[in-house]
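Everything below concerns the one structure shown next.
Read the figures in this text as sums done on the coordinates, not as results from a lab. None of the values given here were measured: they were computed from a predicted structure. Methodologically, a virtual Cβ is constructed for each residue, glycine included, from the backbone with ideal geometry; neighbour enumeration extends over all protein chains shown.
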Amino acid sequence: QVQLVESGGGLVQAGGSLRLSCAASGRTFSTYAMGWFRQAPGKEREFVAAISSSGFRTYYADSVKGRFTISRDNAKNTVYLQMNSLKPEDTAVYYCAARYYSTSNNPREWNYWGQGTQVTVSS
């Protein structure tokens, strides 16, 4: 069982930056792939970024590639999402997720979810 708690969301102007954090409970954090997803009002939850359990491999949605960076610190049981050059269309609730063994861009294939943190980008 893994419990995930996100933090770092907020209101930012377009072009600004935010850093999201996701703290995980449990002693097996390093065995899970970790991911970030987001959901805007009236839209389905969508993949943003993922990182392998070792941290050596990262994956990004085309819409955030070059602007967002996912990273993890297995010693701190924490995964991060650095978001730069934010756009109004990045506005959404951002969710952290954990998955056994490998990553996926399908939210239905992830095993554990945090409660979400709101990110609002004003124009």
Subset tally (residues that are over 17 Å from Ala40 (Cα atoms) and over 12 Å from the mean Cα position of the chain (by Cα)) for segment 72-104
13
Filter segment 40-57 for residues that are more than 26 Å from Thr28 (Cα to Cα) and of a type in the set (A, V, I, L, M, F, W, C) and give the result.
Ala40
Pairs needed: first member in segment 88-110, at positive phi and hydroxyl-bearing (Ser, Thr, Tyr); second member anywhere, buried (at least 22 other Cβ atoms within 10 Å of the Cβ) and in a strand (DSSP E or B); C-beta distance under 7 Å; at least 6 residues apart or different chains.
Tyr101/Ala33
